[in-house]
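Some notes on the structure that comes next.
The values are calculated or read from the model by the stated rules, or taken from the named source; none is laboratory data. None of the values given here were measured: they were computed from a predicted structure. Here Cβ is always computed from backbone atoms with ideal geometry, including for glycine, and neighbour counts include all displayed protein chains.
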Amino acid sequence: MHPEKSRFCNQLIIQNKLDVKEWLFSPGMLFGSPEKWWGDMGTRGVPHEGCDLCFYRSSAGPIMTLEPGTQIPVLYDGQVVQIVRDFIGRTIFVRHPRHEENDRELYSLYGHIRPKKGLSPGTHIQAGHMIGGISAPRKGTSGPPAHLHLSAALIVKSFPPARLDWNVFGSREKAFFIDPMPLIECTYAILKTP
């Protein structure tokens with residue numbers, strides 16, 4: 001499956017009035033990475049299921065970070081089908097029925113978010129619509145700084161959306177992660193050190 005590129009990064013920059021020359025990632029922030037990019041920098045329990053947007057280089061040169069409250073757009077037209085707690089905030093699951101492959105539909109997942117007031121399962125949203133702001137990290141923890149975790153997955157159509165949570169992704173029969181980077185159309189560089 002190769003959905004068209006979204007205007008996600010452009011919308012993120014415009015809505016938040018960011019000065020982004022390029023996004024910056026350490027290897028641990030990218031899809032499939034076995035390592036963490038924070039804390040002890042050790043190994044993850046499972047390979048990374050998406051990408052983490054946190055750092056960017058401004059046009060003046062300094063490296064900047066996304067702040068708590070940064071507003072997050074949705075990739076494509078779709079419907080919010082589930083909102084669950086994660087270890088920093090909440091994860092919003094959006095189904096994109098226009099993007100199908102065999103018996104699966106494309107879902108985008110936005111982790112570590114504080115959902116916009118009134119956003120709930122059943123809400124229909126258009127591409128670029130802001131769905132919430134990045135959550136602040138927990139104080140006194142060695143977890144990562146404020147960031148957006150973005151995932152894309154192909155999920156079987158017969159799976160009940162109300163049962164979606166992070167545990168469902170252990171089964172490739174129900175859900176299959178795909179790299180979200182080709183979907184978000186952004187200029188980026190890989191940092192050699194975190």
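Select from region 15-33 the residues that are of a type in the set (Gly, Ala, Ser) and buried (at least 16 other Cβ atoms within 10 Å of the Cβ) and list them in ascending order.
Hits for region 15-33 are 26, 28, 33.
Keeping to region 108-142, report how many residues are more than 14 Å from the chain's Cα centre (by Cα), on the phi > 0 side of the Ramachandran plot and part of a strand (DSSP E or B).
Here the count works out to 0.
Of all residues in region 67-83, count the ones that are surrounded by fewer than 23 Cβ atoms within 10 Å (Cβ to Cβ), touching a helix residue (DSSP H, G or I) at 6+ places or on another chain (Cβ under 8 Å) and over 18 Å from residue 118 (Cβ atoms).
1
Please state which one of 177, 169 is among the aromatic types (Phe, Trp, Tyr), at pLDDT below 95, more than 28 Å from residue 15 (Cα to Cα) and surrounded by 13 or more Cβ atoms within 10 Å (Cβ to Cβ).
Only one candidate passes the filter, namely 169.
Residues to consider are 93, 87; find the one that is farther than 16 Å from residue 6 by Cβ, among the hydrophobic types (A, V, I, L, M, F, W, C) and part of a strand (DSSP E or B). Give the steps one after another, and end with the answer.
Numbers: 87 fails: part of a strand (DSSP E or B).
The match here is 93.
Residue check: is residue 46 in contact with a Pro (Cβ under 7 Å, 6 or more places away or on another chain) and either part of a loop (DSSP other than H, G, I, E, B) or of a type in the set (Val, Ile, Thr) (or both)? Spell out the reasoning first.
Working: in contact with a Pro (Cβ under 7 Å, 6 or more places away or on another chain): no; either part of a loop (DSSP other than H, G, I, E, B) or of a type in the set (Val, Ile, Thr) (or both): yes.
Answer is no for this residue.
In region 34-43, how many are surrounded by fewer than 15 Cβ atoms within 10 Å (Cβ to Cβ), without any contact (Cβ under 8 Å) to a residue 12 or more places away in the chain and of a type outside the set (S, T, N, Q)?
Matching residues across region 34-43 total 1.
What's the number of the only condition in (1) in contact with a strand residue (DSSP E or B) (Cβ under 7 Å, 6 or more places away or on another chain); (2) over 24 Å from residue 114 (Cβ atoms); (3) at pLDDT 90 or above; (4) not aliphatic (A, V, I, L, M) that residue 55 fails to meet?
Every listed condition holds for residue 55 apart from (2).
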